[in-house]
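These notes concern the structure reproduced below.
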């Protein structure tokens, strides 16, 4: 293959080495396989393996987890995963987070599963704007050149030998996948062209091979081309499972995407690839994507091609390193891991010496930096193996979980020697974010005999101008692309945490180990941990975030404000609401007093929007502390047991929608909660009494007290009690009630008794529909697709609100999904849409389906109201009022 281009500055070489030398942060606690002798055995697989692989996908959950485990765990190859979006346009099967909050959750789920596959995570800046039937639409919304630059940046940063991406073609939808594939195809040569994206300040890089393979929207893999099949159902004794099985365990951490928790069968698993490009061209068939990659230290010679005379000693030096690697692997004994120490000491010392010799050699800047970066990988891998061989442990704890600007936090770092050989602690320091300072309170270097431990204590000081911990990216208004708030973190999942850096001596070799600081605490589920977060002194939240009032009429609405004190001492202040001119607020302000850190104090206000004209207005909560400083933002905490806690900073603002919306008198709603929807909140904002129905209510309660019962999105999938007592809901309908069923997935077409059968198909009639019908995969993704009104006189469109063309405008992300195929003339299709995309051609009905059942009504809603209502779409509220506003038949 050609040598990399040379037209870049030496300063760029240094920044490049710093960027690639430190993999993206993973979860804090290693899995059991990475501990002790087993962890050492896995670490020994990585030393001397110099090639790198980059896999490029569109969303979290696009990856082939078994193949990632095979590459990273099985062969010890440094493997990166570039995910172009953070999955913020998807759905959430475990909670209410959508959009930016879902992006945070799905990013953390990737971090959680990388504990299993040991893969490094990188992200692009494209927004997941929802399902797409068009590559052209996707690239237009993402901005092709900007999205291509994201891929080029990570290729130039990681500098992989092999790049793998998603299929370039598909018969169906999901064209974010194909867009990712095509961008990667174009980035393969672009990353090697110094004239393209020169502003990134990164040296060009030509990867050797590019493959397509993976998942997505009826993907076409290798039609008419030679395919390469790689087995992942291979048993790995160090993992205790096959690579495919271990990957399926990791994949189960995509819980927000309803990934299955069942382990794959033994022996099952393969990945199929097609070679798209190679430099130089690959001759003949291949057996593996790693064909041609030297998985020994001799592989470094590839990066020094043409410099044999400049450094004739390099081959011999690398051979010596390989000999030490082989000796460490041969010495491994699970009962006596310390037997690998002498070979690892020699290996680590040899790598360090070779780094110095390379730095002083007469290489050009490109070659010198490339060899130095590969050796930096090997130094890190050898040091990790040596650490495990010694049985060392570094625990770093802090005395607070959320700190505020100007605060001091106590940090304790304890080094323990659980092995059988002596080590010498040379020193320990803290690596902090810019602007932080720290001082040592206690601790100094000393020898540690087996069984001994030593501690260091520090005080770290948060800078007075520190910003709260939050994503370093945010959505650009009116665009489907994020912007970076800190360019230094381009591609990274998160900003790095507060970290301790230990320097210790093993024999004559000095090396380092690091450990992230964490706060440990007791919970009802046992001891847990958090990464240290920076918060505001006062966090301000306002509820409800969206409320609805009739346009032009005074309609008092209650707002509740909660202010959380993050100062360690007590405090006080006053909170008020800022409203549009002419509106009335009672009381004008409230005084709040705090006694302790973490205390949250509420206040309640009544806002009367006098003469509100149609449209949206903003109500803002402001807390003023005793020093006169104003705080008007709060933190949304995203926390689940399978991920680390993260925070979003959100302005303490509420939207007031002044709408021409009528609600039928006497309406009352029973709500069967699903997952991830805020439709119940919208119903309450319409002023309608709402009761959440429990399993006892569904089984024994008096359902006739409600004029309408609404099931939340995917409720039939998530709630066994709803499926079990569905017959009572149908009895309620037959006796005059109104049942509104929000969209369900294909599981709606299967009864619980058939739970072990094959996956439900749209050809099977649902046991939960009153007449023959089935949920389908039909959807309309263009939020502006014009509606065709089929049932002009339908009460759903006429009472108590007459829906007009304007009510279908301003929708977000999509019209709807999982439409109903109604196969009986007793159903009435109310509206239909046509997507403008050839791969979703034809009119789609089933978005809103109504049926008379006995005396009552059964209505299926495939329209995406769960997205429109939180977004404040006026027409969605008017339609919702009609859906719930039918009177009970008597």
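Side notes on the structure shown:
Listed here are the residues, each with its yes/no results for (1) free of Cβ contacts under 8 Å to residues at least 60 places away in the same chain; (2) surrounded by fewer than 18 Cβ atoms within 10 Å (Cβ to Cβ); (3) outside any loop (DSSP other than H, G, I, E, B).
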residue	(1), (2), (3)
273	no, no, yes
277	no, yes, yes
281	yes, yes, no
286	yes, no, no
290	no, no, no
295	no, yes, no
298	yes, yes, yes
303	no, no, yes
308	yes, yes, no
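- When the stretch 545-570 is filtered for residues that are closer than 21 Å to residue 801 by Cβ and surrounded by fewer than 21 Cβ atoms within 10 Å (Cβ to Cβ), the ones remaining, listed by number, are 546, 550, 551, 552, 553, 554, 555, 557.
- From the list 662, 682, the one residue that fits, being within 30 Å of residue 577 (Cβ to Cβ), more than 28 Å from the chain's Cα centre (by Cα) and in contact (Cβ under 8 Å) with a residue 12 or more places away in the chain, is 662.
- Only one of the numbered conditions (1) under 37 Å from the mean Cα position of the chain (by Cα); (2) not in a helix (DSSP H, G or I) is violated by residue 824, and that is (1).
- Scanning the stretch 783-818 for residues that are assigned to a loop (DSSP other than H, G, I, E, B), surrounded by 15 or more Cβ atoms within 10 Å (Cβ to Cβ) and touching a residue at least 60 places away in the same chain (Cβ under 8 Å) yields 799, 800, 801, 803, 810, 811, 812, 813, 814, 818.
- Flag for residue 862 being within 34 Å of the chain's Cα centre (by Cα), on the phi > 0 side of the Ramachandran plot and crowded, with 21+ Cβ neighbours inside 10 Å: no
- Residue 607 closer than 30 Å to residue 553 by Cα, in contact with a strand residue (DSSP E or B) (Cβ under 8 Å, 6 or more places away or on another chain), touching a residue at least 60 places away in the same chain (Cβ under 8 Å) and crowded, with 18+ Cβ neighbours inside 10 Å: no
- Contacts under 8 angstrom Cβ, first residue in the stretch 836-858 being closer than 18 Å to residue 778 by Cα, partner at pLDDT below 95 and surrounded by fewer than 16 Cβ atoms within 10 Å (Cβ to Cβ), 6 or more apart: 839/171; 839/172
- Test: residue in the stretch 98-110 that is assigned to a loop (DSSP other than H, G, I, E, B), crowded, with 24+ Cβ neighbours inside 10 Å and in the same structural domain as residue 171 (by TED's automatic domain parsing): no
- Some residue of the stretch 447-466 being outside any strand (DSSP E or B), modelled with pLDDT under 95 and surrounded by 14 or more Cβ atoms within 10 Å (Cβ to Cβ): yes
- Boolean, residue 568 is in a strand (DSSP E or B), closer than 29 Å to residue 409 by Cβ and not assigned by TED's automatic domain parsing to the domain that holds residue 875: no
- Spans of strands (runs of 3 or more DSSP E) in the stretch 829-889 with at least 1 residues within 21 Å of residue 708 (Cα to Cα) and touching a strand residue (DSSP E or B) at 6+ places or on another chain (Cβ under 6 Å): 848-853, 856-861
- Look at (1) farther than 22 Å from residue 196 by Cα; (2) free of Cβ contacts under 8 Å to residues at least 24 places away in the same chain and you find that residue 112 fails only one, number (2).
- Only one of the numbered conditions (1) under 15 Å from residue 646 (Cα atoms); (2) touching a helix residue (DSSP H, G or I) at 6+ places or on another chain (Cβ under 7 Å) is violated by residue 69, and that is (1).
- Filter result for residue 180 (modelled with pLDDT of 95 or more, in the same structural domain as residue 79 (by TED's automatic domain parsing), within 26 Å of the chain's Cα centre (by Cα) and surrounded by 16 or more Cβ atoms within 10 Å (Cβ to Cβ)): yes
- Restricted to helices (runs of 4 or more DSSP H) entirely inside the stretch 694-756, those with at least 3 residues that are in the same structural domain as residue 669 (by TED's automatic domain parsing), surrounded by fewer than 18 Cβ atoms within 10 Å (Cβ to Cβ) and modelled with pLDDT of 95 or more are 695-700, 726-734.
The values are calculated or read from the model by the stated rules, or taken from the named source; none is laboratory data. None of the values given here were measured: they were computed from a predicted structure. With ideal geometry, Cβ positions are generated from the backbone for all residues, glycine too; neighbour counts draw on all protein chains shown.
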